[in-house]
Amino acid sequence: MSRVTDVLNRQHIELPSWAFANSGTRFKVFPQAGVPRDPYEKVADAAQVHKFTGAAPTVALHIPWDKTDDYADLARYATDQGVTLGTINSNVFQDNDYMLGSVTNPDPAVRRKATDHLLECVDIMDRTGSRDLKLWFSDGINYPGQDDIRARQDRLAEALAEVYARLGDDQRMLLEYKLFEPAFYATDVPDWGTAYAHTLTLGEKAVVCVDTGHHAPSTNIEFIVAVLLRAGKLGAFDFNSRFYADDDLMVGAADPFQLFRILFEVLRGGGFDRDPGAMDEIAFMLDQCHNIEPKIPGQIRSVMNVQEATAKALLVDREALAAAQAEGDVLGANAVFMDAYNTDVRPLLASLREEKGLDPDPMAAYKRSGYAEKIVAERVGGTQAGWGA
Ligand code: AOS
Ligand code: ZN
Ligand code: ZN
């Protein structure tokens, strides 16, 4: 059992600052009482999630939504709250200038502006002590012939190379892909193959971020995970659930079985059950949008969902599985897999929390804490995250 507990105790889930602010769909953002008004309050809310789960010690920032005059001060504040600042998310999708793209825009002046923003994000990483820069490009075209697909890849490669050259020795670039939206005909980084090809050319500090909501229906995401891990190119996850497209619902809500399959492949491919420390090479981030549910409990629930799927994946009897696979025992191998998935791991996780001095039921403990009532009373005029995320 210690193999299981070692990994569970080691697994860290990074929270997105924007999940605590008002965010929603492109049709309506429903404001909630008590949401944060600045990055400090976002960090404070993220710290609550860590306080009750013990598994979410870092919070990702988004520039410019979390822009502040003194990042060192924000980093100190985070430490005082019991968390640290994590990944820096860039934003080259919100300015009017980016209508035809950011780093792939046909206009060199727009490309310069976008690349400068990415370089600024690396400057911020130096101040926050962040390891990872996450790049997601909304760039793409809506109509065949609108721009030269191949030339856009060249422009993308040029910008990535410039940013890559600016990274410090211990910093990484996470390249995130997304099939479509906002571009509807040809996105410039639409899939893992494109992201993989660019990161391969750039070098070992460039790795791929798999956002679980960014694939076509029925895509086998665990296969992608296995291939990227095998190549040493899986750097991060943006966890969330999708029923239809990039829904940004709570991870594990739409398809807990898929999450289990993904995490099995992570553990198997990364060898983390033998070497839990190596797990830090992967940033397990959430990228979600709590439009109708309260935000802090939404994040607590999400962290618990990842933990439950991880625990089930760890329970797969690997020896029995390997034996059944070697014998060509199709049903036997599948049964080993399903036995683990069908195990109720909630008691195990509850006792692990108790061992750490935490309440076994983080959702109930948060509710009892009175924090939700406190922020509603103290905070007036909470901000919108910036977009529908
Ligand atoms: C966009 O669809 C993405 O999932 C990105 O990860 C995005 O950068 C993030 O939602 C916040 O900007
Ligand atoms: Zn994402
Ligand atoms: Zn997304």
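Label separation (Ala72 vs Ser369): 3.0 nm, computed from points 7 Å beyond Cα along the C-beta direction.
Simple rule: put +1 on each Lys or Arg Cβ and -1 on each Asp or Glu Cβ in the range 164-288, find the dipole, and look at Gly271, Gln258, Tyr177; the Cα lying farthest toward the positive end is Gly271. Of the beta bridges in the chain, as assigned by DSSP with both residues counted there, near 10 percent are antiparallel. With neighbours defined as other Cβ atoms within 10 Å of a residue's Cβ, the residues Ser90, Ser138 order from fewest to most as Ser138, Ser90.
Residues Val7, Val103, Val83, arranged from fewest to most other Cβ atoms within 10 angstrom of their Cβ, appear as Val7, Val83, Val103. Ranking Leu160, Asn91, Gln81 by Cα position along the charge dipole of the chain, where only Lys, Arg, Asp and Glu carry charges on their C-beta atoms, puts Gln81 farthest toward the positive end. Counting only aspartates and glutamates at least 8 places from Lys205 when in the same chain, those with an alpha carbon closer than 12 Å to its own are Asp132, Asp169, Asp170, Glu281.
The magnitude of the dipole of the chain, with charges of +1 and -1 set on the Cβ of Lys/Arg and Asp/Glu and taken from the Cα centre, is near 480 debye.
With a 10 Å radius around each residue's Cβ, average the other Cβ atoms per peptide and rank 303-312, 352-361, highest first. Intermediate values should be presented prior to the final figure.
On the way: 303-312: 23.7, 352-361: 14.6.
For the peptides 303-312, 352-361, the packing ranking is 303-312, 352-361.
Working note: 222 nm ellipticity from helices only, DSSP H runs with n ≥ 4, each -39,500 (n - 2.57), summed and divided by the residues of the chain, gives -14500 deg cm²/dmol to the nearest 500. The aspartates and glutamates whose alpha-carbon is closer than 12 Å to the alpha-carbon of Lys178, local same-chain residues fewer than 8 away aside, are Asp139, Asp188, Asp191, Asp211, Asp238, Asp246. When His117, His214 are sorted by how many other C-beta atoms sit within 10 angstrom of their C-beta, beginning with the fewest, the order is His117, His214.
Taking every pair of distinct Cα atoms and averaging 1/r, then inverting, what Kirkwood hydrodynamic radius in Å comes out for the chain? Spell out each step's value before the answer.
Details: mean 1/r = 0.0464 Å⁻¹.
Answer for the chain: a Kirkwood hydrodynamic radius of 21.5 Å.
Once C-alpha pairs closer than 8 Å and six or more residues apart are averaged by separation and normalised to the residue number of the range 2-378, the relative contact order reads 18 percent.
Of all lysines in the structure, the ones whose alpha carbon falls short of 29 Å from that of Lys51, not counting any fewer than 8 places away in one chain, are Lys42, Lys67, Lys134, Lys295, Lys312, Lys356, Lys367, Lys374.
None of the figures in this text is laboratory data; all of them are computed from the coordinates on show. Just so you know, these numbers come straight off a predicted model, no measurement behind them. For neighbour counting, all protein chains shown are included, and Cβ atoms are generated from backbone atoms with ideal geometry for every residue, glycine included.
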